[in-house]
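The next block holds one structure in the form of structure tokens; read it before the comments.
The values are calculated or read from the model by the stated rules, or taken from the named source; none is laboratory data. For clarity, every value in this text was computed on a predicted model and none was experimentally measured. Cβ sites come from the backbone with ideal geometry, for glycine too, and all protein chains shown count toward neighbours.
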Amino acid sequence: MPLIIENIEKHVTLSPEEKELFLSKTEIKHYKAKSILLNSGEICKQSYFVNSGVLRSFNINDNIVEQVLNFASEGWWIADMYSLISKKPGNLFIEVIEDAELVLLSKENQEQLYSEIPKLERFFRILTENSLVAHQERLMDNLSLSAEERFEKFCKRYPNLIQRIPQKQIASYIGVTPEFFSKMKAKLLRK
């Protein structure tokens, strides 16, 4: 069974016909590392489901510093949700970190699927709610936890990614400079 169907069936059950219809509305593509799937200022017109590989979403602030918002690996979805929902230009980049096989679902096909398979609306509502909760938790963590505590949470949340993501991107995700991250990591390893 395709990984994307397993992902959906964690929340809703699809008939064989519904699975076939869903898959017919998606497209599988392969991307090389460093491919940019979405640029800041573009309208996000699709969601990406990761069959294999690693992606990240990030923005670049006024000081030309990258700020990583999310990572996505096998079994995860990623998109610029603001842009996808509002149909306005977003401010995120989405980049492939590690060669990837992705399932693309256009917003147009997603909307069609809501009509044809109403339980998919429930599935995507659950995904959106989970994403909102994760973003709120991360915001609260950034306001209340030390860098070491944020790194420990990162390690728990993404245990399979620590060796697959460049250290400077992990540093950006937890909100510290690469230099501080190196010193902090060395200190943690000495403990």
Considering residues of segment 124-165 that are under 14 Å from the mean Cα position of the chain (by Cα) and among the hydroxyl-bearing types (Ser, Thr, Tyr) only, the residue farthest from PRO178 (Cα to Cα): THR128
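Being loosely packed, with under 15 Cβ neighbours inside 10 Å, outside any loop (DSSP other than H, G, I, E, B) and of a type outside the set (Phe, Trp, Tyr): is that true of GLU95 here?
no
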Criterion: surrounded by fewer than 22 Cβ atoms within 10 Å (Cβ to Cβ), of a type in the set (Gly, Ala, Ser) and either out of contact with any Cys (no Cβ under 9 Å at 6 or more places or on another chain) or at positive phi (or both) - qualifying residue of SER40, SER83: SER40
The conditions are (1) modelled with pLDDT of 90 or more; (2) surrounded by 12 or more Cβ atoms within 10 Å (Cβ to Cβ), and GLU129 fails exactly one of them. Which is it? (2)
Residue list for segment 82-98, filter: under 22 Å from ILE170 (Cβ atoms) and aliphatic (A, V, I, L, M): LEU92, ILE94, VAL96, ILE97
Residues satisfying the stated conditions in segment 36-77, i.e. part of a loop (DSSP other than H, G, I, E, B) and of a type in the set (S, T, N, Q): ASN39, SER40, ASN61, ASN63, SER73
